[in-house]
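Read-outs: derived from the displayed coordinates by stated rules, not from any lab. Everything numeric here is computed off the predicted structure, so don't read it as measured data. Glycine also receives a Cβ, built like all others from the backbone with ideal geometry; neighbour counts cover every protein chain displayed.
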């Protein structure tokens, strides 16, 4: 019997999807528990449907007052947008600088264990809190204004970029590091000739992505008083200037789109 005949006479294999829980009783039982918990959670929210109904009425009134948008105070609008962009650029620049030593110290294959643990602890703690929470702290310390926003975005940028940089360094082939170390190269030469050529493109790409994120986040931290166009937006809502609020929202969407296109173009050039 030839090999072709054996193949033709063999029983065809059946393909089965890989399931997270193979036992069907456990799988469907777990699904039933999730559904029950979902409806139980809805019941504990204590939703006041009368307030929901009145809120929808207020929402309709607010949206009707937003149209048409008011661009009459364009100077205030442009000032807020420029301040947000300046905050994002400054925070990205200083965040990139701070992220380099922090990321190097957070790579377990480069530094001693105590240094690694301290650096990782700093990254974890800085990434634990949302930008708005950090902005509230800086506003309480330094007062209202763009300084609190810049410091907030520096913390967020440095923690994000350093984490990506440390993981990239840890994923380098260990043979390359050992080969350079075997030549008797010092630590600076190890960084220049081994780590930089491989980590630099990724580092720049992540930094550009963080710049794009900082443009968006600069509008959010301003709501709590940390400067930028978000602070102007919060003030317009508090004064019930809904038509001006819509103009601000349109401007924010526009600048975020521009930042996204710029980020995509730069990352494409870096490939």
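So here's what we get for this one:
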{"read-out": "Prolate/oblate/rounded label for region 21-157 (Cα gyration tensor, a/c 1.5)", "value": "oblate"}
{"read-out": "Residue with peak Gaussian network fluctuation, the chain [Cα springs, cutoff 10 Å], from 44, 152, 254", "value": "44"}
{"read-out": "Burial ranking of peptide ranges 71-77, 116-122 (average Cβ count within 10 Å, highest at the top)", "value": "116-122, 71-77"}
{"read-out": "Contact order relative to length of the chain, as percent, for alpha carbon pairs under 8 angstrom and 6 or more apart", "value": "26"}
{"read-out": "Ranked by how many other beta carbons lie within 10 Å on average, peptides 46-59, 224-237 from highest", "value": "224-237, 46-59"}
{"read-out": "Descending Cα extents along the principal axes, region 126-271, whole Å", "value": "68, 35, 19"}
{"read-out": "Two-site FRET efficiency, residue 182 against residue 122, from Cβ-Cβ distance with R₀ of 35 Å, rounded to 0.05", "value": "0.65"}
{"read-out": "Span per principal axis, largest first, for the Cα atoms of region 14-102 (Å)", "value": "64, 54, 31"}
{"read-out": "Ranked 104, 211, 26, criterion: other C-beta atoms within 10 Å, fewest first", "value": "26, 104, 211"}
{"read-out": "Distance in nm between pseudo-label sites at residue 140 and residue 71 (7 Å out along the Cβ direction from Cα)", "value": "4.1"}
